[in-house]
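Here's the structure we're looking at; comments come further down.
The values are calculated or read from the model by the stated rules, or taken from the named source; none is laboratory data. Here the structure is a predicted model, which is why all the values come from computation and not from measurement. Here the Cβ positions follow ideal geometry from the backbone for every residue, glycine too, while neighbour counts run over all protein chains shown.
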Amino acid sequence: MFNISKYFIENPNTSTKEIFLDANEETIKSNLITIKGVGPWTIEMFLIFFKMSPDILPLGDIGLLMP
């Protein structure tokens, strides 16, 4: 969370709406991955819970790997 906050403080001209709300999934992924500490799992969770993307399946999620 710290690095995400820091990203927006250091980039005040960055529009959350343009980068996250109105962007397609590939644009969102490419923007989020540049933030230190944000990886594929975080991005997938963002797409599932914030963007409500129905076609995301986090195959690397340990909860899905457990029998």
Scanning the range 20-40 residue by residue, those modelled with pLDDT of 85 or more and assigned to a helix (DSSP H, G or I) turn out to be GLU25, GLU26, THR27, ILE28, LYS29, SER30, ASN31, LEU32, PRO40
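I'm trying to understand the selection: among the residues of the range 1-19, which are under 19 Å from GLY39 (Cα atoms) and in a loop (DSSP other than H, G, I, E, B)?
As a first pass, look at the range 1-19 and keep what is under 19 Å from GLY39 (Cα atoms): 1-8, 16, 19.
Hit for the range 1-19 is MET1, nothing else.
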Selection over the range 39-57 where residues are surrounded by 11 or more Cβ atoms within 10 Å (Cβ to Cβ) and either closer than 13 Å to GLU26 by Cβ or out of contact with any Phe, Trp or Tyr (no Cβ under 9 Å at 6 or more places or on another chain) (or both) yields a count of 12
